[in-house]
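The values are calculated or read from the model by the stated rules, or taken from the named source; none is laboratory data. What you see is a predicted model; the values in this text were computed from it and never measured. Glycine gets a Cβ as well: all are built from the backbone with ideal geometry, and neighbour counts include every protein chain shown. With ligands, DNA and RNA removed, areas are computed over all heavy atoms of the protein, side chains included. Shrake-Rupley method; radii C 1.70, N 1.55, O 1.52, S 1.80 Å.
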Amino acid sequence: MNGLRDLLDDYLATRRALGFKLTAPGKALDGFVGWMEEAGEPTIRRDLATAWAAQFSRGTVLERLNYVRQFAEHVAWFDPATEVPILDGRPYGAHRPRPLIFTSDQIDTLLAAAGRLTPQVRAASWQTLLGLLTVTGMRISEARNLNDDDITLDESGDGSGWARVTDTKFGKSRLVPLRKSTMTAICRYQRLRDKTFPVRKTTAVFVARRGTRIARSTAGNTFREIREAAGLAGSPAAPAARLHDFRHSFATTTLIGHIRTGGDVDQMMPVLSAFLGHVGPEATYWYLSNTPELAAALAERIHANGAGDE
């Protein structure tokens, strides 16, 4: 495992490649890592972070502790013993839980667990719903509120289609492209749903066991059941899976794929922002988790670009 100094270099390089300058955080974290090295402490703990930040003036303590919190979230990917500082709801204390960026195997496990729900229509609803979240990065509220007439085939006739998202966080409607495989899965599910409920109780695409639109509370409870069955309910070394993690995973894996095929990060961000329904790229940056895979992709790009500057 890399030491804190190497991890700091990787963290700053990755974030700067995504457009963050990090001038003040970089200086602060350099001091923090130096302090940890002098103390002979290889792992970030909450008490150590607090002790380091407490050396400074009261007006900057929470700001510095927040820098360490963000860095610790990156380090936790490599050292599960890392403790991420919590700021107790004070200024700089809006602690967002560390997302779980799903691997392909984890998504397969979640879909398999959803398929074991009962009755059959509930299992089909959740398998199709989670599949849609995986390939589009939609908010769960947006997917729950889709109606049948929001799903349309593309005029090209190639089997692809579109999802019209109208009930959005920012009140902005958008069209989300769907591949042929996604459209096929949705149509297959709709046939089963309509066979189960010949007399429709709702115009919703996705229905609960009684044929009504999936409620917000029902969605949360059902996903907790699914993640428990999938073995992703969380542990001291790993966060519990959340529905919102599908959105984080989509944003992060999409950018990784774009970088590895030679795409430009700055050009991709407005596209990804529009796809996710954000007001601007600034909001999208938060969804990009500083995973080892993203760091590696960016490092490859930085190295490749640097190799040509002779």
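Some notes on this structure:
- For the condition modelled with pLDDT of 85 or more and in a helix (DSSP H, G or I), Gly34 qualifies.
- Check on Thr103, among the β-branched types (Val, Ile, Thr) and free of Cβ contacts under 8 Å to residues at least 24 places away in the same chain: yes
- Of all residues in the range 105-133, those satisfying the criterion of being surrounded by fewer than 20 Cβ atoms within 10 Å (Cβ to Cβ) and among the polar types (S, T, N, Q) are Gln106, Thr109, Thr118, Gln120.
- Number of the exception - His74 against (1) surrounded by 13 or more Cβ atoms within 10 Å (Cβ to Cβ); (2) at pLDDT 95 or above: (2)
- Residues that are free of Cβ contacts under 8 Å to residues at least 24 places away in the same chain and not in a loop (DSSP other than H, G, I, E, B) were ranked within the range 48-64; the one that is surrounded by the most Cβ atoms within 10 Å (Cβ to Cβ) is Trp52.
- All of Thr252, Thr222 fail the test of being among the polar types (S, T, N, Q) and within 15 Å of the chain's Cα centre (by Cα), apart from Thr252.
- Applying the condition of being assigned to a strand (DSSP E or B) and more than 17 Å from Ala219 (Cα to Cα) to the range 134-171 and asking which residue is most open to solvent (accessible area, probe 1.4 Å) yields Leu153.
- Here Leu100 meets the list (1) hydrophobic (A, V, I, L, M, F, W, C); (2) part of a helix (DSSP H, G or I); (3) out of contact with any Leu (no Cβ under 6 Å at 6 or more places or on another chain) almost entirely, failing just condition (2).
This table checks each residue for (1) in contact (Cβ under 8 Å) with a residue 40 or more places away in the chain; (2) in a helix (DSSP H, G or I).
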{"position": "Arg209", "(1), (2)": "yes, no"}
{"position": "Ala219", "(1), (2)": "yes, yes"}
{"position": "Arg227", "(1), (2)": "yes, yes"}
{"position": "Ala233", "(1), (2)": "no, no"}
{"position": "Gly262", "(1), (2)": "no, no"}
{"position": "Met269", "(1), (2)": "yes, yes"}
{"position": "Phe275", "(1), (2)": "yes, yes"}
{"position": "Thr284", "(1), (2)": "no, yes"}
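- Residue in the range 218-234 that is open to solvent by 30 Å² or more (accessible area, probe 1.4 Å) and aliphatic (A, V, I, L, M) present: yes
- Long-range neighbours under 7 Å by Cβ, at least six apart or interchain, first residue charged (D, E, K, R) within the range 67-82, second open to solvent by 30 Å² or more (accessible area, probe 1.4 Å): Glu73/Arg98; Asp79/Met1; Asp79/Thr43
- Residue satisfying condition, being in a loop (DSSP other than H, G, I, E, B) and open to solvent by 40 Å² or more (accessible area, probe 1.4 Å), within set Lys201, Lys195: Lys201
- Ile44 fulfils the conditions (1) in a loop (DSSP other than H, G, I, E, B); (2) farther than 30 Å from Pro270 by Cβ; (3) open to solvent by 30 Å² or more (accessible area, probe 1.4 Å); (4) not acidic (Asp, Glu) except for a single criterion, (3).
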